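For reference, the structure is listed below as structure tokens.
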Amino acid sequence: MIGLWQALANAYTAEICASSGYDWLLFDGEHAPNTLQTLLAQLQAVQAYPAEPIARVPVGEPAVIKQYLDIGFATLLVPMVESAQQARDLVAATRFPPRGVRGVASATSRASGFGADARYLQTAHERTCLIVQIESAAGLEAIEAIAAVDGVDALFVGPGDLAASLGHLGDARHPAVQSVIADARARIARAGKPAGIFALDLEDARRRQDEGWALVSVGTDVGLLARGARELRSAVAG
């Protein structure tokens, strides 16, 4: 499944991207200037399109996760997951009691149709998808234990932070980084969970598809705009 990162924090550009045929769009709450209001506007803008909206929370805190779920995101990506216990805590944060610790506000939440879905509290966990991000040496060491946690639906490798954690800041193409990424994919596959990755460029994206990664991010809305603007200016200038 091919995805596109959304970091412009704008509903208009999100709708353009949603109409472009991607399988999923990632709305970034960690490294983009998003608020709950901008995320809500983008979620509403893409609702008519088949692309699955995924939200990356800024931090894996129950209060933050609760808010993202309440406004209607069913699929969450949580950064910097480094242990099975952390993964279990994240699963609990996405479930209502007795399955977890998510706070109850179904009558006022967009996710429940503002109370129209009478079965929401009983069935919300069935529609929730939790993707955890592996992007540190500690996360690499714990892949099998994290993948074994019931409720963790997929593991997503972040090359940028992973490279930094391994001592190669800004060089995700370093052979040592690429080696552990390949090993991570194999270990995730053996654990029976889908693996995702942020591709570094078009060639890298094609290679990741061939390798069998289930989720491949092929770029960002910021990158598309910045590159297009520069290329147009360069072409006009000759």
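Derivation of every value follows stated rules applied to the coordinates shown; laboratory data play no part. A quick note: this is a predicted structure, and the numbers were derived from the prediction, not measured. Because the Cβ atoms are built from the backbone with ideal geometry, glycine has one as well, and the counts that use them run over all protein chains shown.
Structural remarks
- Modelled label positions at LEU36 and ASP153, each set 7 Å beyond Cα in the direction of Cβ, lie 2.2 nm from each other.
- Footprinting exposure proxy for SER234, SER19, SER109 (fewest neighbouring C-beta atoms within 10 Å first): SER234, SER19, SER109
- Isotropic mean projected area of the C-alpha convex hull, the range 108-238 (nm²): 12.0
- For a modelled paramagnetic label at ARG99, 7 Å from Cα along Cα-to-Cβ, the residues of the range 61-75 in reach, with backbone nitrogen under 15 Å, are 66, 69-70, 74-75.
- Length gained on full extension, ASP183 to ARG227: 12.6 nm, using 0.36 nm per residue less the C-alpha separation.
- Listed from fewest to most Cβ neighbours within 10 Å, the set VAL91, VAL59, VAL132 follows the order VAL59, VAL91, VAL132.
- For ASP23, ASP210, order by how many other beta-carbon atoms lie within 10 Å, fewest first: ASP210, ASP23
- Rounded, prolate or oblate (a/c below 1.5 giving rounded, otherwise prolate when a/b exceeds b/c) for the range 36-99 by Cα gyration tensor: prolate
- Each stretch of four or more DSSP H residues adds -39500 (n - 2.57); spread over every residue of the chain, this sum gives -13000 deg cm²/dmol at 222 nm.
- Between the range 59-108 and the range 1-20, the alpha-carbon center distance in angstrom: 24
- Histogrammed with a bin width of 10 Å, the alpha carbon distances of the chain distribute as 7, 31, 36, 20, 5, 1, 0 percent, first bin at zero.
- Applying 1/(1 + (r/R0)^6) with R0 = 45 Å to the Cβ-Cβ distance of ARG119 and GLU141 gives a FRET efficiency near 0.65.
- Shape of the range 64-122, Cα gyration tensor, a/c cut at 1.5: prolate
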